[in-house]
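Structure first, commentary second.
The values are calculated or read from the model by the stated rules, or taken from the named source; none is laboratory data. Source: prediction; values computed, not measured. Here the Cβ positions follow ideal geometry from the backbone for every residue, glycine too, while neighbour counts run over all protein chains shown. Ligands, DNA and RNA are excluded from the accessible area calculation, which covers all protein heavy atoms including side chains. Shrake-Rupley method; radii C 1.70, N 1.55, O 1.52, S 1.80 Å.
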Amino acid sequence: MSTKVSIKNLIFLGIVCLGLLAGSVWAQENVALGKPTTGSSTWEAASGPELAVDGIAPQSYPIFHSGSGDRTPWWQVDLEQPYLIKTIVLWNRQDCCQLRLRDIAIEIKDSSDELVYVTVVNEGDELGAPATITIDLTIPVQGQYVRVSRTEDLSLSGDDQYLLQLAEVQIYAQVPGQAYNPTPANGAARSGDNSASTDEVDVTLEWFTGKITNPDDPNIVEVDPDLIKHMLYLGEDPNSENLPLLAEIPAGDPIEEAVQYGPVTLNRDTTYYWRVDEVSSEATVTGDLWTFTTESSTPVIVGVSPTSEFAWSVESAPIAGTEAESAVFTLDVENPYSDDLTGMSFEWYKVQSGSDVKVAEGSSVFTIPTVTDADAGEYYCIVTLDDPATGVTSQSDNAALGIKQLLARWPFDGNLEDQIGDYDGAALGAPISYVDGIVPANGGVGQAVKFDGIDGGDAQAVTVPTAMIAPNTSWTFSFWEYTNDAIRTGYMLASGNPNGYEKLYIWRREGSDWANGNTDYYGNLNGIPTGWDPSVLTGSIGPINEYFPRFEWHQVTWTYDYDTNFYIWYVDGIARASANAPAPLDQFDSLFYIANRRNMARAYKGFIDDFRVYNFTMDAVEVAGLYTEVVGGYICLNPIANDLNGDCVINLADFAILAADWTSCNLLPAEACN
């Protein structure tokens, strides 16, 4: 059945019509993915039209990019068969030149290459260089070819006037007349209602009848009025052609938009495949292959939370000046017959060489009230189904318990010794000296290392080993800094390549040529330089554009979670910046350089006190504690609404502030206050 639709009508429906098939759910997939594409030109061989349907969005260059001098650029995709097109999404380039995605014409053509729809979006860049542009067609349009083109804009300069660039084009649609929106959903797990049998479940199959464009009115998309029946196929063979016919269901009079069949009794723990072919007087439209898995016969374990936990132990806590903690692991599990925690028994085991040891039973929650070093290791739970009394079991994945440790600490109280282990520091360059620090020592005033910010052969630094940080692990480090110069500073901490950019650096910005004067910090973790301009360092956490006054002590803390590749930079106990590193930081260089970089070319001027390294990712509360244990006071991690005096507490003091202004009124005219 061919459909001819006028451009005029389609433009009208795209602007005015507000409703779409009330009561139905429009099932869609990106039908442009991997389809054949063409373009009017390309910037180079590496910027071909196929890049706009490669499934990568968002994306930076290389993307589809029209060629220099092509002032009427276009890009087109062939969907290889007609579809009812509902939504088109254009993805802008990420890395630069976003203003070029403007004055964009979208055309849809039918299988005969006749134009059936056209619209223009983001005229004059009214959307402001958007990351994406979405064209949502109120009434789906049937077409096979989609073309994207750009109109030249002479108000811009150079290449920006005419170049077309598309990071990705997504087209969401469905085959005309094809059944859609199945229940169970395609790929669903644990499908079916429980029956009396422990081996079987009842599954009701549902779907929506395929839609077509009315041949006489393109503003109407409806079920095929010539539909006769639905052919339902179901089986365990993933080859759609081999599925046995389960039933022929009449289309009904009137034709039913939502169809239901069942329940069908099926085996548990089984993956089934099914499809619905729509048979009309004109043709048979073969359905997509759908799949689902039936309900389990064994306890359904979602997982253990947390999968990895660290806690201070009886042995490690005193070294860090804190207290031992508890550890709690919770199993998320369901009885597949009752969908809750009833009718199951639980046994927790600790992994041991030779034979694992049972450590607890009777609950889905396993608690170690006070952790000791001996508790470190991996744990799992075995769940047995007691009701119904089948005796089947499921075993969880392992969850790990690690011991929080202060791996190394350099108090810098007149020496460079590691207070925890054997990782003593060494001084480089001109002799260093010591001044009063901020962290107390033995109940009295502690000391800090003084660095003079010397350049050249007398440049100073202190190096300490990094060997205490195991490869492929999380960590936290912290230190205090005091900049004692109005202009000059440099690297406070660095580690990495002697001939290039470090895997890590923390920099107190220097010189009046930097943004924000001399009051901010700059840092990088596992970044790759793309030039000498620090603003374009790949992976750089960048500047913390906040005011951190010189001639004051500030605590700098970095935390890194290896599993998520995420790090957070805290200053004075508060998170100031965070990012994912470009790649996981597997291992540091052999040394940390304190108060300089490895090539000794960026000397820091000021004092450094109390450098610590921990073997876990501290949370915000723990970092705040590191700060307040030295300076006292409090930190408000989560400000509260209506806290009028900013003390992080709602009490009578806030009410007093409110009451003092209870009758105040600043409305104009004054009579409005009455």
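With a 1.4 Å probe and all protein chains kept in place, how much accessible area does Glu29 have, in Å² rounded to the nearest 10?
90 Å²
Looking at Ala595, Ala577, Ala624, which one has the Cα that reaches farthest to the positive end of the dipole of region 537-674 (charges on Cβ: Lys, Arg +1; Asp, Glu -1)?
Going by the charge dipole, the pick is Ala595.
Just how large is the dipole of the chain about the Cα centre, in debye to the nearest 20, putting +1 at every Lys and Arg Cβ and -1 at every Asp and Glu Cβ?
Charge dipole of the chain: 1980 debye, to the nearest 20.
Pick out, from Cys636, Gly177, Ser495, the residue whose Cα sits farthest towards the positive end of the charge dipole of the chain, with +1 on the Cβ of Lys and Arg and -1 on the Cβ of Asp and Glu.
Result: Ser495.
What length, rounded to one decimal in nm, is gained on full extension from Asp485 through to Leu667, with 0.36 nm per residue of separation minus their alpha-carbon distance?
Between Asp485 and Leu667, full extension yields an extra 60.6 nm.
With each pseudo-label sitting 7 Å past Cα toward Cβ, what's the Leu127-Asn214 distance in nm, one decimal?
3.1 nm
Hey, what number do you get for the chain at 222 nm if only DSSP H runs of n ≥ 4 count, each worth -39500 (n - 2.57), divided across all residues, to the nearest 500?
Only helices count here, giving -1500 deg cm²/dmol.
HN-Hα J couplings of region 122-133 from phi, Karplus 6.51/-1.76/1.60, θ = phi - 60°, integer Hz, Gly and Pro as x?
6, 5, x, 6, 5, 8, x, 6, x, 5, 9, 10
Hey, rough spin-label estimate for Glu236 and Val359, points 7 angstrom out along Cα→Cβ, what's it come to in nanometres?
For the pair Glu236/Val359, the computed spacing is 4.0 nm.
Give me the Å³ per residue figure for the convex hull around the C-alpha atoms of region 245-309.
Working: hull volume 10.1 nm³, N = 65.
Spelled out: Cα convex hull of region 245-309, divided by residues, is 156 Å³.
Quick one: Karplus J couplings for region 650-667, per residue in order, coefficients 6.51, -1.76, 1.60, θ = phi - 60°, nearest Hz, x for Gly and Pro?
Result, ordered by residue: 9, 8, 5, 4, 5, 5, 5, 5, 5, 5, 4, 10, 4, 9, 5, 8, 10, 5 Hz.
Can you give the angle from 0 to 90° between the axis of helix 7-16 and the longest principal axis of the chain, with both taken from C-alpha atoms, to the nearest 10?
That works out to roughly 50 degrees.
Apply 1/(1 + (r/R0)^6) to the Cβ-Cβ distance of Ile657 and Leu637, taking R0 = 25 Å, and write down the FRET efficiency to the nearest 0.05.
Once rounded, the FRET efficiency stands at 0.65.
Expressed as a whole number of Å, what is the distance separating the alpha-carbon centroids of region 195-223 and region 432-486?
Between the Cα centre of region 432-486 and that of region 195-223, the gap is 69 Å.
Enter the accessible area of Trp569 (Å², nearest 10), with the probe set to 1.4 Å and all protein chains included.
My reading of the accessible area for Trp569 is about 0 Å².
Using alpha carbons only, how many angstrom separate the centre of region 597-672 from the centre of region 352-373?
40 Å
If you line up the long axis of helix 620-631 against the longest principal axis of the chain, both from Cα atoms, how many degrees apart are they, to the nearest 10?
20 degrees
Arg602 accessible area, nearest 10 Å², 1.4 Å probe?
For Arg602, solvent-accessible area is about 60 Å².
With charges set only on the Cβ (+1 for Lys and Arg, -1 for Asp and Glu), what does the dipole of region 247-293 come to about its Cα centre, in debye to the nearest 20?
320 debye
Output the Cα-based Rg and Dmax of the chain in Å, rounding Rg to one decimal and Dmax to a whole number.
33.4, 96
Roughly to the nearest percent, how much of the accessible area of region 87-243 is carbon and sulfur, given a 1.4 Å probe?
43 percent
Show Phe566, Phe655, Phe329 ordered by accessible area, largest first, where the area counts protein heavy atoms only and the probe is 1.4 Å.
The most accessible residue leads, giving Phe655, Phe566, Phe329.
At 0.36 nm per residue, minus the direct Cα-Cα distance, what do Ala441 and Asp153 gain on full extension? Give it in nm, one decimal, please.
Extending this stretch completely gives an extra 96.8 nm.
Write down the accessible area per residue of the chain in Å², having rolled a 1.4 Å probe over the full set of protein chains.
46 Å²
Kindly sort Glu241, Glu114 by accessible area of their heavy atoms, largest first, with the probe set to 1.4 Å.
These residues rank, largest area first, as Glu241, Glu114.
Distance between Cα centroids, region 286-351 to region 378-399: provide it in whole Å.
11 Å
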